[in-house]
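> There's a structure below that I have some questions on.
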Amino acid sequence: MLHEMGTHYLRGVNDARQPWHGSEGRRQFGLKLANPTEEGLASLHSVPYRKNPYLWRAALLYYTVSRAANTSFTELFHDLHQFVQNSSVRWEYCVRAKRGQQDTGQPGCFIRDQVYLDGILRILRHRHTIDFPLLASLGKVSYEDVEGLRHFAELQNIQTLHFMQDLDKYQQQQLRHIMETNQLSDEELTHILPD
């Protein structure tokens, strides 16, 4: 619910009110792609109220795509058994990674699913400098574009993400808890994603 409605939908509603809405507006403002920020933010918002907010799904999607690039469907299905014992669930991960391939017996994949983990890590890496309420208010934009759009933004009648109303709780408790649960550190994130 927080992934689709609490993030994608509300950011979409806010985006429709902005002067950069639509492909021509995005081009005019020179905006970066909304992903990986969009899916990373939505994925982070899927887990904060869980006792153990593991990011295993995003990590497994990333791994599955990486392996699918070099394996057949059958090889991928067998490889994923180490993480997913339920054959129906494992099948769904394989279908998702191999969708669009003409011959799933050959290496190849649909790479989009790597955007979830990529976005999560980028947002966590830069969480101390991101203006999260403004990011949500500006619509479907990259966190990297926020400062450049600040002075052009239409902020009247904007929908707010309820869990960002207490920003200290959001950043200091929820995001920190996600990092701790997943054993991520600022040093690791800086190493993985240097400036």
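> For segment 147-195, what are the residues that are in a helix (DSSP H, G or I), more than 30 Å from Gly25 (Cβ to Cβ), open to solvent by 30 Å² or more (accessible area, probe 1.4 Å) and polar (S, T, N, Q)?
Of everything in segment 147-195, those that are in a helix (DSSP H, G or I), more than 30 Å from Gly25 (Cβ to Cβ), open to solvent by 30 Å² or more (accessible area, probe 1.4 Å) and polar (S, T, N, Q) turn out to be Gln172, Gln173, Thr190.
> Starting from residues that are in a helix (DSSP H, G or I) and at pLDDT 95 or above, keep the ones in segment 119-134 and report whichever is most open to solvent (accessible area, probe 1.4 Å).
Of the residues in segment 119-134, the ones in a helix (DSSP H, G or I) are 119-125, 132-134.
Okay, now just the ones that are also at pLDDT 95 or above, so 119-125.
Details: Gly119: 0, Ile120: 1, Leu121: 28, Arg122: 80, Ile123: 0, Leu124: 0, Arg125: 39 Å².
The qualifying residue most open to solvent (accessible area, probe 1.4 Å) is Arg122.
> Please enumerate the residues belonging to segment 8-54 that are assigned to a helix (DSSP H, G or I), open to solvent by 20 Å² or more (accessible area, probe 1.4 Å) and touching a residue at least 12 places away in the same chain (Cβ under 8 Å). Outline the logic, then answer.
Let us first name the residues in segment 8-54 that are assigned to a helix (DSSP H, G or I), namely 8-15, 22-29, 37-44.
If we keep only those that are open to solvent by 20 Å² or more (accessible area, probe 1.4 Å) as well, we get 8-10, 12-13, 22-24, 26-29.
Matches in segment 8-54: His8, Leu10, Gly12, Val13, Phe29.
> Go through segment 55-74 and give me each residue that's outside any helix (DSSP H, G or I) and over 14 Å from Leu121 (Cα atoms).
Taking segment 55-74 as the starting set, the residues that turn out to be outside any helix (DSSP H, G or I) are 55, 69-72.
Within segment 55-74, Ala69, Asn70, Thr71, Ser72 qualify.
> Which of the numbered conditions does Gln106 fail, given that it passes all the others? Conditions: (1) farther than 18 Å from Pro48 by Cα; (2) exposed (fewer than 13 other Cβ atoms within 10 Å of the Cβ); (3) in contact (Cβ under 8 Å) with a residue 60 or more places away in the chain.
Condition (3) is where Gln106 drops out.
> Based on this model, can you work out whether Tyr49 counts as aromatic (Phe, Trp, Tyr) and out of contact with any helix residue (DSSP H, G or I) (no Cβ under 7 Å at 6 or more places or on another chain)? So that I can check it myself, show each step before the final result.
Working: aromatic (Phe, Trp, Tyr): yes; out of contact with any helix residue (DSSP H, G or I) (no Cβ under 7 Å at 6 or more places or on another chain): yes.
Judged against the criteria, Tyr49 is a match.
> Condition first: closer than 30 Å to Gln172 by Cβ, assigned to a loop (DSSP other than H, G, I, E, B) and either hydroxyl-bearing (Ser, Thr, Tyr) or open to solvent by less than 70 Å² (accessible area, probe 1.4 Å) (or both). Can you find one or more residues in segment 79-88 that meet it? Walk me through it before giving the result.
Step one: list which residues in segment 79-88 are closer than 30 Å to Gln172 by Cβ, which gives none.
No, every residue in segment 79-88 fails to be closer than 30 Å to Gln172 by Cβ, assigned to a loop (DSSP other than H, G, I, E, B) and either hydroxyl-bearing (Ser, Thr, Tyr) or open to solvent by less than 70 Å² (accessible area, probe 1.4 Å) (or both).
> Go through (1) under 26 Å from Trp56 (Cα atoms); (2) in a loop (DSSP other than H, G, I, E, B); (3) open to solvent by 50 Å² or more (accessible area, probe 1.4 Å) for Arg112 and report which single condition fails.
Of (1) under 26 Å from Trp56 (Cα atoms); (2) in a loop (DSSP other than H, G, I, E, B); (3) open to solvent by 50 Å² or more (accessible area, probe 1.4 Å), only one is false for Arg112: (2).
> Name the single residue that is nearest to Ser137 (Cα to Cα) among those in segment 11-40 being among the basic types (Lys, Arg) and touching a helix residue (DSSP H, G or I) at 6+ places or on another chain (Cβ under 7 Å). Break it down into steps so the answer makes sense when it comes.
Initial filter on segment 11-40 (among the basic types (Lys, Arg)): 11, 17, 26-27, 32.
Filter again for touching a helix residue (DSSP H, G or I) at 6+ places or on another chain (Cβ under 7 Å), leaving 11, 32.
Values: Arg11: 7, Lys32: 17 Å.
By that ranking, first place goes to Arg11.
The values are calculated or read from the model by the stated rules, or taken from the named source; none is laboratory data. Because the structure is predicted, anything quoted here is derived from the model rather than measured. Neighbour counts are summed over all protein chains in view; Cβ atoms, including those assigned to glycine, are modelled from backbone coordinates with ideal geometry. Each accessible area value is taken on the protein alone, full model and side chains, heavy atoms only, with ligands, DNA and RNA left out. Shrake-Rupley method; radii C 1.70, N 1.55, O 1.52, S 1.80 Å.
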